[in-house]
């Protein structure tokens, strides 16, 4: 099968995106295991509207030794603390911000402005909230198995799964919307119709 130049370019962009995502994934996994050492001491419960997402009974199986220890560490008056939630959120945020700038520079070679980065951050925060909830769900399920190995590595496995979900969302978002190689980014179109018409006439 003969592939066009555009197809080959798209495949190569995907390969580079995966390599960057791999590096970001390693960074995220490290942070997911290191940040708890910093934030575990925070004993402030999360707000009520988040408690339905981060259910202490689901996250921590008190019938296991590991679950009982984590429940005592991360739960105050039946509510999960920020000491549990923040490491998940921060590890996602920092790793994906690194990946965004690396992809902008090397994968898509885009000249997108900081406005596009703001849009990216807005979408990323929503995605992280979902993936943080997903990580909590996975951790709870793994801890409930009673298998020591799964409990020990539950955070690592959960972070990897959330990273996969984000990969499936962020690649098309960056390639086709925020970091388009034709430079018709969201920011350029917001700058005015004349600017967009000029760029289309050039193409």
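The values are calculated or read from the model by the stated rules, or taken from the named source; none is laboratory data. Here the structure is a predicted model, which is why all the values come from computation and not from measurement. Cβ placement follows ideal geometry from the backbone for every residue including glycine, while neighbour counts extend to all protein chains displayed.
Details
- Test for residue 5: is it more than 18 Å from residue 140 (Cβ to Cβ), touching a helix residue (DSSP H, G or I) at 6+ places or on another chain (Cβ under 8 Å) and at pLDDT below 90: no
- Test: residue in the stretch 134-146 that is within 19 Å of residue 49 (Cβ to Cβ), assigned to a helix (DSSP H, G or I), under 16 Å from the mean Cα position of the chain (by Cα) and without any contact (Cβ under 8 Å) to a residue 40 or more places away in the chain: yes
- Subset of the stretch 90-107 that is more than 25 Å from residue 152 (Cα to Cα) and surrounded by fewer than 17 Cβ atoms within 10 Å (Cβ to Cβ) - its residue that is nearest to the chain's Cα centre (by Cα): 97
- The one condition in (1) within 25 Å of residue 163 (Cα to Cα); (2) modelled with pLDDT of 85 or more; (3) buried (at least 16 other Cβ atoms within 10 Å of the Cβ) that residue 60 fails to fulfil: (2)
- Considering only residues in the stretch 21-58 that are without any contact (Cβ under 8 Å) to a residue 60 or more places away in the chain and under 13 Å from the mean Cα position of the chain (by Cα), the one that is farthest from residue 135 (Cα to Cα) turns out to be 22.
- Of the listed requirements (1) assigned to a helix (DSSP H, G or I); (2) in contact with a helix residue (DSSP H, G or I) (Cβ under 8 Å, 6 or more places away or on another chain); (3) closer than 22 Å to residue 141 by Cα, residue 17 misses just one: (3).
- Index of the failed condition, residue 110 passing every other in (1) surrounded by 15 or more Cβ atoms within 10 Å (Cβ to Cβ); (2) at pLDDT below 85; (3) part of a loop (DSSP other than H, G, I, E, B): (2)
- Residue ID - surrounded by the most Cβ atoms within 10 Å (Cβ to Cβ), chosen from residues in the stretch 138-158 that are at pLDDT 85 or above and closer than 12 Å to residue 58 by Cβ: 142
- Residues of the stretch 63-89 that are surrounded by fewer than 13 Cβ atoms within 10 Å (Cβ to Cβ), at pLDDT 90 or above and not in a helix (DSSP H, G or I): 77, 78.
- Contact map, the stretch 161-182: residues that are closer than 15 Å to residue 113 by Cα paired with residues that are part of a helix (DSSP H, G or I) and at pLDDT 85 or above, Cβ distance under 6 Å, separation 6+ or inter-chain. Pairs shown: 174/103; 178/116; 178/120; 179/104.
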